[in-house]
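Chemist: One structure follows; several queries about it will come next.
The values are calculated or read from the model by the stated rules, or taken from the named source; none is laboratory data. It should be emphasised that the depicted structure is a prediction, and the values quoted were computed from it without experimental measurement. For neighbour counting, all protein chains shown are included, and Cβ atoms are generated from backbone atoms with ideal geometry for every residue, glycine included.
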Amino acid sequence: MIYFSVFFLLILLRLACSGKRKLLLEISPLVYFLLFLFVAFRYEVGCDWPTYREWYANFGIVGLGMELTFMNPTYWGIMKAMKSLDFSFPWLNVIYASIFFTTSWIFIRRQPDPLAVIILMFPLLIMNMPMSALRQAAAIGIIMVAYLAFIDKKLTKYIVLTILATLFHSSALIFVVLIPFVKGEVDYKKLITGGLLALPGIIALALSDLGQLAALRYVDTGYEAYGAVYRVGLLAISSLIFLLFFRKQWLKKYPKEYSLMMVGSSMMLVCFLSLSVSTIIGDRFAYYLIPLQAAFFARIPYMEIKNWKSFWVATPYAMNLALFSVWILLSGFFQTCYLPYDTWILGQPDSRGDYYEFWEGDYGGIYD
């Protein structure tokens, strides 16, 4: 299967670059560009395709995605520009994929092992977001740049990027609660204090129009984010591994990034706890944290580990492979959304009617 092949090829490339840092740094941007082509030029692939296709075909008609002009004005602007330029619908995927891959690369290239981060992001983040949730993918890419502003303690830049991400997907607004942590160093005591300071903002957000709309869309529905417990559970495990085994060493080796990892690890645990309220909400916010998880896992080989180092290095890849395999082999949604993979990069292929028949029900509304 093509998705397994891509994942294993990425791992083989990383193994081939072992001990060859110059080659590793040179090949990483090329690999990421090829992944961009793979994602951006998909055709009738991904759970979001039918919904966005309908919205694009009926752009401007009240009731067909028009509420997004309020929640995410960039959606309206991009759609309007495409219509004005007479672009066909598949270009929408190219535009949003360009935003995600460009912004996320800014974060990835700052990592000691960019290829490892790409590999660890592929099964869950890249497959689920830019291939199946366009607007949130763009927001996640921008938040990844905001993470760098957090690390560099650039408060104004962090705020601006967070607001910009919110214009693509309102879920990014939750990151305003991290503003109290940007300037100072973070430990357990400050996490609790900062959490209390952020509480009024969280309550205000929950009671706002955006909060109420989010509740209607993600809580007061019959929908579930299938597989969320596994994806978010992996984040929770990552958080515990960091806090219990690598926190002190991370502080010594990467002091500038310690505060972000402390806050990120705490948010991973909160996401897991939020599954009891709504699997969709927990899952939605978890995707924003996968880049931090990948950055942490990719640096385990650089840690001083006396015993079982091979185990610690291999475990993140094994966990991702296990979760990826379960999703591919057992998920009915995956079979419908992602198979067969097709691309229009060399010309538009024939459409497959069975793909659209599945989405004639209410399923498409989940993937927006």
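Chemist: Among (1) surrounded by fewer than 20 Cβ atoms within 10 Å (Cβ to Cβ); (2) in a helix (DSSP H, G or I), which single condition is Val277 missing?
Modeler: Unmet condition: (2).
Chemist: So Lys80 ticks every box in (1) out of contact with any helix residue (DSSP H, G or I) (no Cβ under 7 Å at 6 or more places or on another chain); (2) charged (D, E, K, R); (3) modelled with pLDDT of 95 or more but one. Which box is left unticked?
Modeler: Status for Lys80: all satisfied but (3).
Here is a yes/no grid of residues against (1) among the charged types (D, E, K, R); (2) at positive phi; (3) crowded, with 16+ Cβ neighbours inside 10 Å:
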position: Tyr302; (1), (2), (3): no, no, no
position: Trp308; (1), (2), (3): no, yes, no
position: Asn320; (1), (2), (3): no, no, yes
position: Ile328; (1), (2), (3): no, no, yes
position: Phe334; (1), (2), (3): no, no, yes
position: Cys337; (1), (2), (3): no, no, yes
position: Gln348; (1), (2), (3): no, no, no
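Chemist: Oh, and also: Does segment 23-53 hold any residues that are basic (Lys, Arg) and buried (at least 19 other Cβ atoms within 10 Å of the Cβ), and which are they? Spell out how you get there, then give the answer.
Modeler: Here is the first cut: in segment 23-53, the residues basic (Lys, Arg) are 42, 53.
Once the filter is applied, which keeps residues that are basic (Lys, Arg) and buried (at least 19 other Cβ atoms within 10 Å of the Cβ), segment 23-53 yields only Arg42.
Chemist: Another question about this same structure. Which residue, of Leu115, Leu92, is in contact (Cβ under 8 Å) with a residue 24 or more places away in the chain, out of contact with any Ser or Thr (no Cβ under 9 Å at 6 or more places or on another chain), farther than 30 Å from Leu191 by Cα and not hydroxyl-bearing (Ser, Thr, Tyr)?
Modeler: Values: Leu115 fails: out of contact with any Ser or Thr (no Cβ under 9 Å at 6 or more places or on another chain).
Answer to the check: Leu92.
Chemist: Another question about this same structure. Among the candidates Ala295, Ala314, single out the residue that is within 21 Å of the chain's Cα centre (by Cα), of a type in the set (A, V, I, L, M), modelled with pLDDT of 95 or more and part of a helix (DSSP H, G or I).
Modeler: Numbers: Ala314 fails: within 21 Å of the chain's Cα centre (by Cα).
It is Ala295.
Chemist: Mind checking which residues of segment 163-183 are outside any helix (DSSP H, G or I) and in contact (Cβ under 8 Å) with a residue 40 or more places away in the chain? Break it down stepwise before answering.
Modeler: Quick first cut of segment 163-183, residues outside any helix (DSSP H, G or I) only: 169, 182-183.
His169, the sole residue that qualifies.
Chemist: Would you mind stating whether Phe89 is surrounded by fewer than 21 Cβ atoms within 10 Å (Cβ to Cβ) and hydrophobic (A, V, I, L, M, F, W, C)?
Modeler: For Phe89, the condition - surrounded by fewer than 21 Cβ atoms within 10 Å (Cβ to Cβ) and hydrophobic (A, V, I, L, M, F, W, C) - is met.
Chemist: Show the residue pairs that are 6+ apart or on different chains and have beta-carbon atoms under 9 Å apart, the first residue being within segment 296-324 and touching a residue at least 12 places away in the same chain (Cβ under 8 Å) and of a type in the set (A, V, I, L, M, F, W, C), the second being exposed (fewer than 13 other Cβ atoms within 10 Å of the Cβ) and assigned to a helix (DSSP H, G or I).
Modeler: So the pair list comes out as Leu321/Phe8.
Chemist: Give Leu243, Leu260, Leu251 a once-over and let me know the one that is of a type outside the set (Lys, Arg), surrounded by fewer than 21 Cβ atoms within 10 Å (Cβ to Cβ), within 19 Å of the chain's Cα centre (by Cα) and under 18 Å from Val186 (Cβ atoms).
Modeler: Only one candidate qualifies: Leu260.
Chemist: OK, next. Have a look at Val94, Val117 and point out the one that is in a helix (DSSP H, G or I), touching a Pro at 6+ places or on another chain (Cβ under 8 Å), of a type in the set (A, V, I, L, M, F, W, C) and over 25 Å from Val177 (Cα atoms).
Modeler: Step by step, each of Val94, Val117 is checked, and only Val117 is in a helix (DSSP H, G or I), touching a Pro at 6+ places or on another chain (Cβ under 8 Å), of a type in the set (A, V, I, L, M, F, W, C) and over 25 Å from Val177 (Cα atoms).
Chemist: Additional query: Within segment 217-227, is there a residue that is modelled with pLDDT under 90, closer than 21 Å to Ala318 by Cβ and surrounded by 17 or more Cβ atoms within 10 Å (Cβ to Cβ)?
Modeler: For segment 217-227, residues modelled with pLDDT under 90, closer than 21 Å to Ala318 by Cβ and surrounded by 17 or more Cβ atoms within 10 Å (Cβ to Cβ): present.
Chemist: Further question: Looking for something modelled with pLDDT of 95 or more, touching a Leu at 6+ places or on another chain (Cβ under 9 Å), under 23 Å from Ile142 (Cα atoms) and not in a loop (DSSP other than H, G, I, E, B) - is there at least one such residue anywhere in segment 51-59?
Modeler: no
Chemist: Also: What do you reckon, is Phe297 surrounded by 22 or more Cβ atoms within 10 Å (Cβ to Cβ), more than 21 Å from Phe175 (Cα to Cα), out of contact with any His (no Cβ under 9 Å at 6 or more places or on another chain) and among the aromatic types (Phe, Trp, Tyr)? Full working, then the answer.
Modeler: On the way: surrounded by 22 or more Cβ atoms within 10 Å (Cβ to Cβ): yes; more than 21 Å from Phe175 (Cα to Cα): yes; out of contact with any His (no Cβ under 9 Å at 6 or more places or on another chain): yes; among the aromatic types (Phe, Trp, Tyr): yes.
In short, yes.
Chemist: Same structure again: Please tell me if Ser325 is modelled with pLDDT under 90 and under 22 Å from the mean Cα position of the chain (by Cα).
Modeler: Working: modelled with pLDDT under 90: no; under 22 Å from the mean Cα position of the chain (by Cα): yes.
No.
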